[in-house]
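Beneath this line is the structure, given in structure tokens, with notes to follow.
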Amino acid sequence: MHTDVHHELRDQVAAVMSDRAGIDVPDAEADLLDAGLIDSMALVTLIVAFEDTFAVQLPLDDFDIDRFRSVASIADFLASLGAEPVR
Amino acid sequence: MSRIRSLRQDDLSQVVALYRSYLAVPNVAAVDELRMAFEQVFLGQPLSDPSIPSLVFEGSDGEILGFIGSLVHRMRFEQRSVRLACSSSLVVSPKARQFGPGGLLMRKYLSGPQDLTMTDTAGPATERMWKSLGGSMYHLGSVSWLHLLQPVRAAVGLKLWHLGRQQRLRLVRPLCRPLDAVYSRFSKTDGTGDVDEHTEEQLSPQLLIDHLRLGPQQFDLWPDHDAESLGLLFDQIGRSRSNGQFVKKFVRDARGKPLGWYIASLLPSDIYRVLGLAATPGKEELLFRHVLRSAKDLNAAAVAGRLEPWLFEVLPRRTMMLSRVRFLIHSRDEAICDAVRSSKALLTGLESDVWLPR
């Protein structure tokens with residue numbers, strides 16, 4: 001993915017997290033799990049918000065928590081599912 | 001990588017251990033009772049359905065870190081057959097809470113092929129997650145009623161039950177009697193003498209099927225029982241120690257005409273919990289008096305149940321309304337949700353998981 005596009009996706013992921021789950025992260029690499037920012041409620045809210053915003057379907061069965069470790073890893077994960085920045 | 005998969009027989013020990021450690025309350029059911037109930041209910045007939053299975057959240061090392069139980073009922077919605085899935089016993093290992101397995105299990109479960117998903121024993125956390133996944137609350141169904149017969153013993157019984165010491169209630173009962181006698185003297189609202197001429201018989205599965213929709217209300221959604229499955233379900237409920245004494249009665253008037261039916265349990269806390277009841281139009285109050293009579297005959301300290309619209313007209317004056325748990329629903333078919341929310345769904349405690357040992 002082009003770097004600018006990837007950065008845009010990260011920015012949008014961070015914006016969704018702030019708007020929909022009230023999670024404000026200092027930077028794209030900040031560890032959300034170590035900071036205790038993700039719990040069941042936040043995770044469900046984020047999954048629904050990402051699916052709505054980026055028109056992708058996140059897997060229902062397999063789950064790798066590391067994909068939700070940071071804004072950067074979430075953006076990578078969404079990109080691997082075909083997500084693109086919303087225009 | 002963690003994964004969500006269907007519950008298997010060899011998961012049961014881990015699931016029961018997880019369940020007990022998650023609840024961590026003195027009154028949690030014993031291992032053997034839970035294991036037997038979980039095996040029968042979540043893996044056996046008539047309530048398990050391989051296409052809407054109970055689910056476990058399995059960590060990358062194979063350890064079970066979360067569980068959600070599934071009870072599936074065949075229903076009729078207007079002219080078609082539908083499936084109701086009751087979500088039950090959602091538990092998560094403390095060491096996995098930051099992974100959010102509870103939410104993932106719920107999301108997976110709600111995405112199943114069932115037509116309607118419900119739970120009527122949810123707390124605030126489940127309610128928030130459920131709503132974020134498109135579910136909603138059935139407000140009236142979230143209200144329970146409680147009618148006290150012997151308030152002191154009811155309070156003591158509940159307290160002892162919460163402490164897991166309900167066996168001591170036998171010793172405490174005589175101590176409650178004087179104060180409860182005073183209460184009875186000043187609350188003469190529970191006369192049940194007019195039911196003497198009626199007869200009660202065991203409510204068989206077939207009798208329930210034949211008289212399921214006795215009342216005046218027209219339902220759009222109702223259980224589609226068959227006698228064999230209903231018999232198995234009765235057996236499962238009756239076998240559980242947590243349900244105490246299981247009572248199911250069909251009531252006829254002096255001429256032998258059906259008056260109604262009720263299903264209830266005298267719990268170890270001395271609370272008589274009504275799981276379902278229905279009355280012939282115009283006989284609602286009489287039927288309810290049978291319930292009260294039955295509670296008194298069994299020496300219950302209080303009678304409780306889930307509120308239904310028609311009960312407003314027959315519940316005794318001194319009845320408390322409580323809203324401690326949430327009745328949540330989820331469906332991709334808005335018409336089904338509307339039927340539930342507008343009380344046009346016949347959902348008794350049999351469709352719930354309230355009778356499962358906890």
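The values are calculated or read from the model by the stated rules, or taken from the named source; none is laboratory data. What you see is a predicted model; the values in this text were computed from it and never measured. We place every Cβ from the backbone using ideal geometry, glycine too, and count neighbours over all the protein chains shown. For accessibility, only protein heavy atoms count, side chains too; no ligands or nucleic acids. Shrake-Rupley method; radii C 1.70, N 1.55, O 1.52, S 1.80 Å.
Comparing the full protein assembly with the isolated chain, the residues of the range A:26-44 losing at least 40 square angstrom of accessible surface (1.4 Å probe) are A:Ser40, A:Met41, A:Val44. For the pair B:Arg97 and A:Asp11, what calculated FRET efficiency results from E = 1/(1 + (r/R0)^6), where r is the Cβ-Cβ distance and R0 = 30 Å, to the nearest 0.05? The value I calculate is 0.55.
Extension gain, B:Arg332 to B:Ser6, is 115.1 nm, computed as 0.36 nm per intervening residue step minus the present C-alpha separation.
With each label modelled as a point 7 angstrom along the Cα→C-beta vector, the A:Asp31-B:Val31 pair spans 3.6 nm. Taken about its Cα centre, the protein assembly as shown carries a charge dipole of about 2460 debye when Lys and Arg each add +1 at the Cβ and Asp and Glu each add -1 at the Cβ.
Can you tell me the length gained on complete extension of the stretch B:Ile209 to B:Ala181, counting 0.36 nm per residue apart and subtracting the Cα distance? Extra length from B:Ile209 to B:Ala181 when fully extended: 6.1 nm. A simple spin-label model places the labels of B:Ala125 and B:Glu39 3.0 nm from each other, with each point 7 Å out along Cα-to-Cβ. For the protein assembly as shown, the per residue solvent-accessible surface stands at 44 Å², with DNA, RNA and ligands left out and a 1.4 Å probe.
Any chance you could run the full-extension gain for B:Glu197 through B:Arg20? It's 0.36 nm times the residue separation minus the Cα-Cα distance, nm to one decimal.
Numbers: separation 177, 0.36 × 177 = 63.72 nm, distance 4.71 nm.
Going from the current span to full extension adds 59.0 nm.
To the nearest whole percent, what portion of all C-alpha pairs in chain A is separated by more than 16 angstrom? So the portion of pairs separated by more than 16 Å is 46 percent.
Find the sum over both chains of the accessible area lost when B and A are paired, probe 1.4 Å, and report it in Å² to the nearest 100. Kindly include the intermediate steps, with their values, before the conclusion.
Working: alone 16180 and 5070 Å², together 19580 Å².
Summing both sides, the interface buries roughly 1700 Å².
Here the range B:291-358 is treated as a sphere whose radius is the Kirkwood value from Cα pairs; by Stokes-Einstein at 25 °C and 0.890 mPa s it diffuses with a coefficient of 168 µm²/s. Taking 13 Å as the straight-line reach from the Cα of B:Lys159, the aspartates and glutamates in range (excluding those fewer than 8 positions away in the same chain) are B:Asp270. On a 21 Å Cα-Cα criterion, which of the cross-link pairs B:Lys249/B:Lys344; B:Lys248/B:Lys296; B:Lys257/B:Lys296; B:Lys108/B:Lys131 come out too long? From the list (B:Lys249/B:Lys344; B:Lys248/B:Lys296; B:Lys257/B:Lys296; B:Lys108/B:Lys131), the Cα-Cα distance tops 21 Å for B:Lys249/B:Lys344; B:Lys257/B:Lys296.
Suppose R0 equals 30 Å. What FRET efficiency, 1/(1 + (r/R0)^6) with r the Cβ-Cβ distance, do B:Ser81 and B:Val143 give to the nearest 0.05?
Details: r = 30 Å, r/R0 = 0.99.
With a Förster radius of 30 Å, E is 0.50.
In this calculation the C-beta distance from B:Arg170 to B:Ser342 is compared with R0 = 41 Å, giving a FRET efficiency of 0.40.
Once you compute Rg and the Kirkwood Rh from C-alpha atoms, what is the Rg to Rh ratio for the protein assembly as shown?
Numbers: Rg = 24.6 Å, Rh = 23.8 Å.
Rg/Rh for the protein assembly as shown comes to 1.03.
Summarising the overall dimensions of the range B:41-96 from its C-alpha atoms, the Rg and Dmax are 14.1, 47 angstrom. Solvent-accessible area assigned to carbon and sulfur over chain B amounts to 52 percent, based on a 1.4 Å probe. Compute the angle between helix B:151-162 and the longest alpha-carbon principal axis of chain B, please, reported from 0 to 90 degrees and rounded to the nearest 10. For B:151-162 against chain B, the angle is about 20 degrees.
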